[in-house]
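Participant: Structure in structure tokens, see below.
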Amino acid sequence: SILIIGACGQIGTELTLALRERYGNDRVVASDIREGNESLMQSGPFELLDATNYQAVENIVMHYEIEEVYLMAAMLSATAEKFPMRAWDLNMNSLFHVLNLAKDKKISKVFWPSSIAVFGPGTPKENTPLHTIMEPSTVYGISKQSGESWCSYYFKKYGVDVRSVRYPGLISWKTLPGGGTTDYAIDIYHSALSHKKYSCFLKENTKLPMMYMDDAIRATIAIMECDSDTILERSSYNLAGMSFTPAEIAKSIQKYIPSFEIEYNPDFRQDIADSWPSSINDSEAQKDWNWKSNFNLEQTTEEMLRNLGK
Ligand code: VAH
């Protein structure tokens, strides 16, 4: 069976539903510190779980005979700046628990999400390569860069089959976002539909790497299903979807809601966004496991407004 830790988060919710669809509801155990939405809670087994509690994680792994773990629990960039030590505790100790279960052969495969947040102010901004200067300047980015090094170490030293991708900012409609800097790109659709206006917490020309959730879920399943020896990068793979600015997403919304207005009131999250790249090179993922993204900004806006407007 498969265990998803952090199953009620933005990615976890959609990943749980997709994996249950693909492998069968009862083979996918969802767990989180709090209960999730109805479709998640109704569709298969759920366990309340504190991901920082090793014994609690191990109990669930043994009870359900878990073979694979997707560790989706983490404190994201904006919230992590407010609670650095809690973010480090959650993001790192949950990873150590899962890597050690794999080292002790209690599970056989691990998925662990990294992020473009591993890159910092000194990183080349455009077409950012997988191997380059990182130097993250956020608590979240530091935890993700360190996590990548631990994943690589556990693979080399103990043969742990842990696989990882660096998600860009993810855009989805099935859940509300939680504490990310890229969440403006989700909030804007909700606000456009309910108020026909949006006050953006980033400057209009802040270009960031983004991806529609369907692409992110497809990439996650693809990297987990391919043969272990095709995974040549055991730190994490760059993933590219699309890159756009708040001005460009606003313009794409105005095609559907002509009266939509945006204003810009940058806050502390501007510094976080300014430390990240504008676009990503994902040639290794394309070469090693045939990755290719599908959704562009136009299609994303159409999907978001259609589903949120229902
Ligand atoms: C965040 N959505 O904003 C996450 C992600 C690249 C951004 O890591 O923190």
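Participant: If you average the alpha carbon positions of the range 232-248 and of the range 256-284, how far apart do those two centres end up, in angstrom?
Facilitator: 13 Å
Participant: Working out 0.36 nm times the residue gap between Q270 and A56, then minus their Cα-Cα distance, what length gain in nm do you get to one decimal?
Facilitator: Gain in length upon complete extension: 73.3 nm.
Participant: Over 20 Å between Cα atoms, which of K109/K156; K207/K287; K207/K251; K125/K156 qualify?
Facilitator: Exceeds cut-off: K207/K287; K125/K156.
Participant: Continuing with the same structure: Could you work out how far apart the two model spin labels at S228 and K106 are, taking each label as a point 7 Å from the Cα in the direction of the beta carbon, and quote it in nm?
Facilitator: 1.9 nm
Participant: Let me ask something additional. Net charge within 14 Å of D271 by Cβ-Cβ distance, Lys/Arg positive one each and Asp/Glu negative one each, not counting D271 itself?
Facilitator: 0
Participant: Something else: Can you tell me how the range 252-310 classifies by the Cα gyration tensor, rounded, prolate or oblate, using a/c under 1.5 as the rounded cut?
Facilitator: Oblate, since a/c reaches 1.5 and b/c is not below a/b.
Participant: With r as the distance between the Cβ atoms of E21 and H195 and R0 = 22 Å, compute the FRET efficiency 1/(1 + (r/R0)^6) and round to 0.05.
Facilitator: Efficiency for this residue pair is about 0.05.
Participant: At 0.36 nm per residue, and after removing the present C-alpha to C-alpha distance, how many nm does the segment from D187 to N307 gain when stretched out fully?
Facilitator: Here the segment from D187 to N307 would lengthen by 41.8 nm.
Participant: So how do 35-44, 170-179, 141-150 stack up, highest first, on mean other-Cβ count within 10 Å?
Facilitator: 141-150, 170-179, 35-44
Participant: Which residue fluctuates the most in the chain, going by a Gaussian network model with Cα springs under 10 Å, if the choices are N93, N290, N238?
Facilitator: N290
Participant: Here's a follow-up. Could I have the simple spin-label model distance between L130 and K251, label points 7 Å from Cα toward Cβ, reported in nm to one decimal?
Facilitator: 3.3 nm
Participant: Springs between alpha-carbon pairs under 10 angstrom, Gaussian network model over the chain: which of M85, M134, M213 fluctuates most?
Facilitator: M85
Each value in this text was obtained by applying a stated rule to the coordinates, not by laboratory testing. Model, not experiment: these values are computed from the prediction. All Cβ positions, glycine included, derive from the backbone under ideal geometry; neighbour counts span all protein chains shown.
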